[in-house]
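**Student:** Please see the structure below; I have some questions.
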Amino acid sequence: MELVGEQPAFNKPKPMPDLPKAIEPLTPAHAPLSIFPEPPLRSSQAICWDGFYVEHHHQPAYETPEYCYGWCNVSIHLGRAVRVEKWIETEKPQARWVREGDIGIYPAHVRFRERCFESTQFVDIYLAPDLLSRAVGQSGGSIPTLLPGFAQPDLLVYQMGLSLKAELEITGEPLYAESLAMALTVHLLRHYTGQMQPLFKSAAGLSQRHLSQVIDYMQTHLAEALSVAEIASSVQMSPYHFSRCFKQATGCSPHQYLLQTRVERAKALLQADRWPQPTLAEVAAATGFASQSHLNRHFKQQLGLTPRQFRNQ
């Protein structure tokens with residue numbers, strides 16, 4: 001993660017002007033064309049997953065018009081921190097730094113407007129009302145109202161978003177992707193409603209604050225040969241207890257998370273528009289892999305391509 005610690009202040013956004021009484025909700029297929037300067041890099045439109053839609057974006061700086069979605073939208077920020085101003089119909093205007101792994105939740109029919117000051121990369125996941133109904137049908141009870149918000153760290157949603165992005169890029173296999181979408185929906189209904197409980201309860205051993213600290217530590221020291229003991233010490237926990245609690249809270253081990261994050265960072269370096277391009281050995285060193293062959297093995301394991309094949313594509 002490139003920006004850590006205190007960030008420079010910037011002007012608070014002005015209050016949102018009076019809005020028209022009604023705005024036509026956007027469908028997932030048409031939303032990016034109406035809101036953002038560029039179309040998504042990839043989308044699931046041709047895959048036709050049941051009840052959800054996924055897009056991977058890399059957008060220049062932008063300012064959106066007023067809009068609302070017909071489906072619930074979850075946006076997951078990737079890469080370096082960016083400055084964002086957000087106007088949400090039901091809340092005061094907000095100005096924040098949005099960082100790797102931060103999420104935004106935008107319920108259907110709630111109106112928004114935003115300004116992003118620099119180029120940004122993110123994954124957008126749209127969840128159909130029918131999917132929320134099915135999730136409640138599995139867990140019982142009526143459908144709670146999701147609460148809007150942005151720039152919230154949630155490592156579990158981040159991991160699910162990376163997994164759906166990988167499915168979008170590699171296989172588009174519906175069974176795995178749909179199980180991920182259902183798990184994401186249940187998680188949102190449990191933790192982001194009018195009856196919202198704290199994320200990652202104390203029974204799991206890691207508070208949301210400690211998870212954020214761990215994410216920051218891993219991102220900051222990604223190029224180093226990190227050990228579980230070093231990561232655990234950043235939140236004053238024993239390595240054994242930390243490893244168990246981390247997996248309880250996120251569904252993956254610290255080692256799995258590091259490998260996945262390193263491959264994502266390697267992809268960004270391989271895609272960077274700069275000259276001369278870094279060599280594969282330089283990419284391996286910058287992302288914490290022990291060697292170029294180490295990078296090749298895990299890159300291909302996660303993406304089905306070698307780094308050289310990925311760059312050539």
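**Student:** What is the sum of charges, Lys and Arg at +1 and Asp and Glu at -1, for the other residues whose Cβ falls under 13 Å from the Cβ of Glu264? Display every interim value, and only then the final one.
**Tutor:** Details: positive: Arg80, Lys165, Arg262, Arg265, Lys267; negative: Glu100, Glu169.
Net charge around Glu264: +3.
**Student:** Amide H of Tyr69: which non-local residues (sequence gap of 5 or more, or other chain) have their own amide H closer than 5 Å, using H built in the peptide plane?
**Tutor:** Result for Tyr69 returns Leu26, His109, Val110.
**Student:** Can you order the peptides 56-69, 239-252 by their average number of other Cβ atoms within 10 Å per residue, highest first?
**Tutor:** On the way: 56-69: 15.9, 239-252: 17.8.
Ranked by mean Cβ neighbours within 10 Å, highest first: 239-252, 56-69.
**Student:** Ok, one more. Order the peptides 35-43, 121-129, 223-231 from the highest to the lowest mean number of other Cβ atoms within 10 Å of their residues. It would help to have the intermediate numbers written out before the result.
**Tutor:** Working: 35-43: 15.9, 121-129: 21.9, 223-231: 14.2.
Answer by packing, highest mean first, reads 121-129, 35-43, 223-231.
**Student:** Return the long-range amide H neighbours of Asp102 (sequence gap of 5 or more, or a different chain), with a cut-off of under 5 Å between placed amide H atoms.
**Tutor:** Under 5 Å from the amide H of Asp102 lie the amide H atoms of His77, each far enough along the sequence or on another chain.
**Student:** Which translational diffusion coefficient, to the nearest whole µm²/s, is obtained for the stretch 31-191 from the Stokes-Einstein equation, given a Kirkwood hydrodynamic radius over C-alpha pairs, 4 °C and 1.567 mPa s? Mind dumping the intermediate values first?
**Tutor:** Values: Rh = 15.9 Å.
Calculated translational D: 82 µm²/s.
**Student:** Of the peptides 158-168, 265-275, how do they stack up when ordered by the mean number of other Cβ atoms within 10 Å, highest first? Please list the in-between numbers first.
**Tutor:** Numbers: 158-168: 21.2, 265-275: 14.5.
The densest-packed peptide leads the list: 158-168, 265-275.
**Student:** Using Cα centres only, tell me the gap between the stretch 45-62 and the stretch 220-255 in whole Å.
**Tutor:** 31 Å
**Student:** What percent of all Cα-Cα pairs in the stretch 252-313 falls into each 10 Å bin, going from 0 up to the bin containing the maximum distance?
**Tutor:** With a bin width of 10 Å, the distribution comes to 24, 59, 16, 1.
**Student:** OK, next. Please state the relative contact order of the stretch 252-313 as a whole percent: Cα pairs under 8 Å, 6+ residues apart?
**Tutor:** Values: 45 pairs, mean separation 19.3, N = 62.
Computed over the stretch 252-313, the figure is 31 percent.
**Student:** Under the rule a/c < 1.5 gives rounded, and otherwise a/b versus b/c splits prolate from oblate, where does the stretch 200-250 land using the Cα gyration tensor? Before the final figure, lay out each step's value.
**Tutor:** Working: a/c = 2.17, a/b = 1.53, b/c = 1.41.
Prolate, because a/c is 1.5 or more and a/b exceeds b/c.
**Student:** Using a 7 Å offset from Cα along Cα-Cβ at Thr145, what residues in the stretch 89-106 end up with backbone N under 17 Å from the label point?
**Tutor:** Once the point is set 7 Å along Cα→Cβ of Thr145, 89-92, 105-106 turn out to lie under 17 Å by backbone N, inside the stretch 89-106.
Read-outs throughout are calculated quantities, based only on the coordinates presented, and are distinct from any laboratory measurement. The structure presented is a predicted model; accordingly, all values stated were derived computationally and were not measured. Neighbour counts run over all protein chains shown; Cβ positions are idealised from the backbone, glycine included.
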